[in-house]
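Comments concern the structure below.
The values are calculated or read from the model by the stated rules, or taken from the named source; none is laboratory data. Computed from a prediction, not measured in an experiment: that's the story for all the values here. Note that we place each Cβ from the backbone using ideal geometry, even for glycine, and neighbour counts take in every protein chain shown.
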Amino acid sequence: MSYNHQHLLGISGLTTDEIFFLLETSQKFVEISERSVKKVPALRGKTIVNLFLEPSTRTRTSFEIAGKRLSADVINISGSSSSTTKGETLIDTVLNIKSMRPDVIVLRHAYSGSCELLKKLVPNTRIINAGDGLHEHPTQALLDALTIKQELGTLKDLTVTLVGDALRSRVARSNILLHKTLGNKVRVVAPPTIAHSHFEDLGVEVFYDLKKALPGSDVVMSLRMKHEYQKDYYVPNLDEYAVNFLLTESIISKYCPSAKILAPGPINRGTEITSELADGPRSLIFKQVTNGVAVRMAVLFLLVAGKNDYSPSEEEV
Amino acid sequence: MKILLKGGHVVDPFLGINEKKDILVNGDKIEAVESPNIISVRDEVKCIDIDNLYISPGLVDIHVHLREPGQEWKETIASGAEAAVAGGFTDVCCMPNTKPVNDSKAVTDYILDKAKLAKAKIHPIGAITMQSKGESLAPYGELTEAGCVAFSDDGRPVSNSQIMRRALEYCKMLGRVLTVHEEDLQLSAGFSMNESALSLSMGLKGMPDAAENVMITRDIELARLTKGRVHFCHVSTARGVQLIKRAKEDGIPVTAEVSPHHLFLDEKSVIGFNTQAKMSMPLRSQVDIDALLDGLNHGIIDCIASDHAPHETDSKNIEFDLASFGMLGLQTTLPIVLTLVSQGKISLNRAIESLTSSAWKSLDYSPKSIKKDQPADITIFDPDRNFIFTDKINKSKSINTPLFNREFKGCAVMTMVNGIFQYEMSK
């Protein structure tokens with residue numbers, strides 16, 4: 001098996017085999033982060049530019065650590081420190097970066113489809129989508145899948161239930177694509193303002209009632225309710241949202257007692273999920289973060305190292 | 001000198017002509033229209049053999065953006081007119097969203113002054129509200145006097161219903177039609193494509209068809225209330241066609257146009273974040289396309305207008321959400337329409353009617369015809385010629401279109417304005 005794409009722009013376009021290959025490769029990289037010397041020379045002499053034009057702590061840090069553990073030179077450019085605040089366009093920013101010959105650009109940008117635009121500008125540079133608008137966030141979906149696989153031992157015949165703002169979530173879109181590709185059931189549960197009927201066209205089951213959506217769920221994913229909710233009238237207020245959709249240990253243990261809890265973060269405690277559940281034994285939230293580094297190491301390695309199989313033993317420092 | 005157009009097949013739906021006729025042009029007027037070989041050819045007549053070609057009254061496009069004054073890097077009146085005649089249009093009506101907005105005699109005068117040197121006849125449309133801001137009425141009498149043929153805030157709706165009511169009432173006095181861009185700005189907020197499963201999966205904000213339909217509904221009611229004349233621009237929804245059908249059955253004075261791209265392309269054109277397919281109204285679904293074609297065939301949709309919207313490359317080579325709306329239309333409208341004719345989706349007679357007499361009537365103007373004493377504004381076209389729209393034959397100053405290198409069946413071959421061939425397709 002192999003990964004034969006130049007970029008990772010989304011889960012869209014990946015086959016089941018490619019998804020499993022990415023996850024298997026990721027699993028091999030998990031161990032490196034457990035070592036006392038957390039570094040292998042796999043990408044020595046390679047340059048990674050993390051171009052994060054939208055605020056991000058977790059994902060940017062994760063990519064940075066991943067690049068550094070592979071011995072690459074990692075440069076971070078963030079929205080506030082870049083020329084974009086001086087009115088420079090994404091295109092000009094990227095053309096300038098391209099002139100400095102990076103091996104890979106990791107892009108986070110507020111606009112859907114930004115990576116497609118980038119692909120045309122820098123045909124010889126590898127591109128990793130670290131979140132484009134509401135479109136995709138493929139490494140998040142992969143790290144979620146890796147976490148599920150480690151916990152449940154399988155990624156087959158699962159029911160994955162997304163709770164909350166799936167409409168304005170790139171994480172939801174990438175997860176829907178990934179699990180539909182693998183043949184799993186995907187549910188979205190939220191108020192009808194969010195859980196549009198168009199989700200059904202994507203093969204997703206739509207629910208408005210947590211009690212109906214949870215039974216049979218193997219994985220429950222808590223999605224963030226953005227604080228600007230009021231501007232777009234999706235819910236009356238977050239307290240009202242919590243009355244109907246707050247994930248608690250008691251509702252999970254009643255309706256899907258064996259389910260694991262994931263959340264892409266950041267989480268709003270008390271609005272989307274209680275602390276008891278988020279910090280409890282069925283929560284995989286911090287395991288997701290740990291796996292994020294491994295997934296990003298694997299993706300960087302596969303795109304940049306120019307070979308498809310990784311064996312940690314050869315790569316000891 | 002006189003010109004004899006000999007052997008062509010005349011399609012003039014307004015007069016009910018659909019047969020071979022010879023046409024004698026004298027100066028800027030049509031002098032005679034006769035069955036073949038009746039007009040005798042004398043030495044001073046230049047005889048042009050157009051056997052196998054079709055002739056129609058000069059096509060009119062009642063919805064174009066010429067960008068002058070103010071955005072001459074996108075288009076000028078001269079370049080837009082050149083694109084018009086290359087597309088078979090002898091007449092174009094230009095929307096007022098220039099910089100400044102055409103809400104004064106000064107701007108209308110400026111446009112008409114530039115139009116004197118243009119290859120096509122230019123008819124300015126004035127704004128409905130000052131600066132098209134939707135806050136106060138434009139001086140319709142002054143604008144009519146200066147030469148505006150209709151009023152529109154195209155690109156934006158008139159959101160304030162009271163202003164729309166007053167504008168409709170006031171313009172009755174002047175016999176002018178309001179051509180309206182129907183969009184509920186709250187329902188459409190932030191949109192960059194049609195709202196659908198595709199917009200959901202692409203993570204783009206969609207405009208639901210209801211954003212257009214609620215405003216069509218409002219203006220049907222205001223037309224009913226005021227007896228003022230409403231013309232719906234670029235109708236894009238199946239439901240909109242139904243609403244207009246019902247209004248017409250109720251005797252409410254409304255007309256409607258459809259853009260050729262809404263008859264030819266659906267929302268899938270945006271896949272891959274193709275900004276060239278980003279329009280307002282957005283490209284919709286196949287269901288909508290079928291309903292629009294059906295509406296056009298049954299006269300519910302009166303006419304076809306290009307919504308020619310030139311934009312510089314930089315405004316399209318950008319993030320999808322930030323890209324400009326619109327595409328070129330003047331040189332691809334007739335090829336799209338004739339292609340639809342070749343596919344049997346619309347009759348040739350109805351196609352030409354929707355680009356000539358029905359369009360004039362939508363603005364309450366009497367149509368031009370192929371008959372004696374009419375201005376010699378004539379379009380000669382070939383419904384069978386293969387046509388590929390390329391950068392090389394594009395006459396616009398801009399190149400924004402998703403249709404480059406697409407093959408069409410049929411195109412304009414010669415365009416005569418006031419008795420002068422302003423366009424002849426190179427062999």
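So, in segment B:196-227, of the ones that are assigned to a loop (DSSP other than H, G, I, E, B) and closer than 21 Å to B:Ile244 by Cβ, which residue ends up nearest to the other protein chains (Cβ to nearest Cβ)? Talk me through it step by step, then tell me what you get.
Our first condition is that a residue be assigned to a loop (DSSP other than H, G, I, E, B); within segment B:196-227, this holds for B:196, B:203-205, B:208, B:227.
Pick out the ones that are also closer than 21 Å to B:Ile244 by Cβ and you get B:208, B:227.
Numbers: B:Pro208: 10, B:Lys227: 37 Å.
The extreme case among them is B:Pro208.
For segment A:201-240, give me each residue that is in a helix (DSSP H, G or I), modelled with pLDDT of 95 or more and either under 22 Å from the mean Cα position of the chain (by Cα) or over 15 Å from A:Leu162 (Cβ atoms) (or both). Explain how you work it out, then say what you get.
Quick first cut of segment A:201-240, residues in a helix (DSSP H, G or I) only: A:201, A:210-213, A:227-232, A:238-240.
Retained after the next criterion (residues that are modelled with pLDDT of 95 or more): A:201, A:210-213.
Hits for segment A:201-240 are A:Asp201, A:Lys211.
When you scan segment B:212-225, do you find a residue that is modelled with pLDDT of 95 or more, touching a Ser or Thr at 6+ places or on another chain (Cβ under 9 Å) and under 21 Å from B:Leu265 (Cβ atoms), even just one?
Yes, some residue in segment B:212-225 is modelled with pLDDT of 95 or more, touching a Ser or Thr at 6+ places or on another chain (Cβ under 9 Å) and under 21 Å from B:Leu265 (Cβ atoms).
Does A:Lys98 satisfy being of a type in the set (Lys, Arg), touching a helix residue (DSSP H, G or I) at 6+ places or on another chain (Cβ under 8 Å), more than 28 Å from B:Met202 (Cβ to Cβ) and surrounded by 15 or more Cβ atoms within 10 Å (Cβ to Cβ)?
Values: of a type in the set (Lys, Arg): yes; touching a helix residue (DSSP H, G or I) at 6+ places or on another chain (Cβ under 8 Å): yes; more than 28 Å from B:Met202 (Cβ to Cβ): no; surrounded by 15 or more Cβ atoms within 10 Å (Cβ to Cβ): yes.
Here the answer is no, as A:Lys98 does not meet what is asked.
Working carefully through the options A:Leu142, A:Leu162, find the one that is under 14 Å from A:Val219 (Cβ atoms), away from every other protein chain (no Cβ under 13 Å) and outside any loop (DSSP other than H, G, I, E, B). So that I can check it myself, show each step before the final result.
Working: A:Leu142 fails: under 14 Å from A:Val219 (Cβ atoms).
Exactly one residue qualifies, and that residue is A:Leu162.
Test each condition in (1) in contact with a strand residue (DSSP E or B) (Cβ under 9 Å, 6 or more places away or on another chain); (2) away from every other protein chain (no Cβ under 14 Å) for A:Leu9 and report the one that comes out false.
(2)
Please specify each residue of segment B:117-165 satisfying the condition of being without any contact (Cβ under 8 Å) to a residue 60 or more places away in the chain, touching a helix residue (DSSP H, G or I) at 6+ places or on another chain (Cβ under 9 Å) and on the phi > 0 side of the Ramachandran plot.
Correct list: B:Gly134, B:Gly147.
Does A:Thr125 fit the bill of being under 14 Å from A:His7 (Cα atoms), surrounded by fewer than 23 Cβ atoms within 10 Å (Cβ to Cβ) and away from chain B (no Cβ under 11 Å)? Don't jump to the end; show me each part of the working.
Details: under 14 Å from A:His7 (Cα atoms): yes; surrounded by fewer than 23 Cβ atoms within 10 Å (Cβ to Cβ): yes; away from chain B (no Cβ under 11 Å): yes.
Yes; evaluated as a whole, the condition is true for this residue.
State which residue pairs qualify: first residue among the aliphatic types (A, V, I, L, M) and inside segment B:78-98, second residue at pLDDT 95 or above and assigned to a helix (DSSP H, G or I) in any location, beta carbons under 8 Å apart, and separation of 6 or more residues or different chains.
Close Cβ pairs (under 8 Å, with a partner that is at pLDDT 95 or above and assigned to a helix (DSSP H, G or I)) amount to B:Ala78/B:Lys114; B:Ala81/B:Ala115; B:Val92/B:Gly80; B:Val92/B:Ala81; B:Val92/B:Ala84.
If I go through segment A:177-188 residue by residue, how many of them are buried (at least 22 other Cβ atoms within 10 Å of the Cβ) and touching a Leu at 6+ places or on another chain (Cβ under 6 Å)? Break it down stepwise before answering.
The first filter runs over segment A:177-188 and keeps only residues buried (at least 22 other Cβ atoms within 10 Å of the Cβ), leaving A:177-179, A:186-188.
Narrowing the set further to residues that are touching a Leu at 6+ places or on another chain (Cβ under 6 Å) leaves A:188.
Looking only at that region, the number is 1.
Six or more apart or on different chains, Cβ atoms under 9 Å: show the pairs whose first residue is in segment B:305-321 and more than 13 Å from chain A (Cβ to nearest Cβ) and free of Cβ contacts under 8 Å to residues at least 24 places away in the same chain and whose second is surrounded by fewer than 22 Cβ atoms within 10 Å (Cβ to Cβ) and not in a loop (DSSP other than H, G, I, E, B).
Short answer, once both residue conditions are applied: none.
Would you say A:Ile194 is at negative phi, part of a helix (DSSP H, G or I) and assigned by TED's automatic domain parsing to the domain that holds A:Glu151?
Numbers: at negative phi: yes; part of a helix (DSSP H, G or I): no; assigned by TED's automatic domain parsing to the domain that holds A:Glu151: yes.
In short, no.
Taking B:Arg176 as meeting all but one of (1) part of a loop (DSSP other than H, G, I, E, B); (2) of a type in the set (Lys, Arg); (3) within 14 Å of chain A (Cβ to nearest Cβ), write down the number of the exception.
(3)
Taking segment B:175-211 as the search range and keeping residues that are more than 13 Å from B:Leu283 (Cβ to Cβ) and among the polar types (S, T, N, Q), which one is surrounded by the fewest Cβ atoms within 10 Å (Cβ to Cβ)?
B:Gln186
Working only within segment A:193-213, note down all residues that are within 14 Å of chain B (Cβ to nearest Cβ), surrounded by fewer than 16 Cβ atoms within 10 Å (Cβ to Cβ) and within 19 Å of A:Val235 (Cα to Cα). Talk me through it step by step, then tell me what you get.
At the first step, the residues of segment A:193-213 found to be within 14 Å of chain B (Cβ to nearest Cβ) are A:193-204, A:206.
Next, from what is left, pick out any that are surrounded by fewer than 16 Cβ atoms within 10 Å (Cβ to Cβ): A:193, A:197, A:200-201, A:203.
Passing the criteria: A:Thr193, A:Ser197.
Might you let me know whether segment A:97-104 holds any residue that is within 14 Å of chain B (Cβ to nearest Cβ) and touching a residue at least 12 places away in the same chain (Cβ under 8 Å)?
So in segment A:97-104, the residues within 14 Å of chain B (Cβ to nearest Cβ) come out as none.
Checked segment A:97-104: no residue is within 14 Å of chain B (Cβ to nearest Cβ) and touching a residue at least 12 places away in the same chain (Cβ under 8 Å).
List pairs: first in segment B:240-260 and crowded, with 18+ Cβ neighbours inside 10 Å, second among the charged types (D, E, K, R), Cβ under 6 Å, 6+ apart or cross-chain?
Cβ pairs passing all conditions: B:Gly240/B:Glu212; B:Ile252/B:Arg224; B:Pro253/B:Arg229; B:Thr255/B:Asp302; B:Ala256/B:Asp302; B:Ser259/B:Asp307.
Just to be sure before I move on: is B:Gln331 surrounded by 22 or more Cβ atoms within 10 Å (Cβ to Cβ), more than 24 Å from B:Asp209 (Cβ to Cβ), out of contact with any Pro (no Cβ under 9 Å at 6 or more places or on another chain) and assigned by TED's automatic domain parsing to the domain that holds B:Ser192 in the structure I sent?
Details: surrounded by 22 or more Cβ atoms within 10 Å (Cβ to Cβ): yes; more than 24 Å from B:Asp209 (Cβ to Cβ): yes; out of contact with any Pro (no Cβ under 9 Å at 6 or more places or on another chain): yes; assigned by TED's automatic domain parsing to the domain that holds B:Ser192: yes.
So B:Gln331 passes the test.
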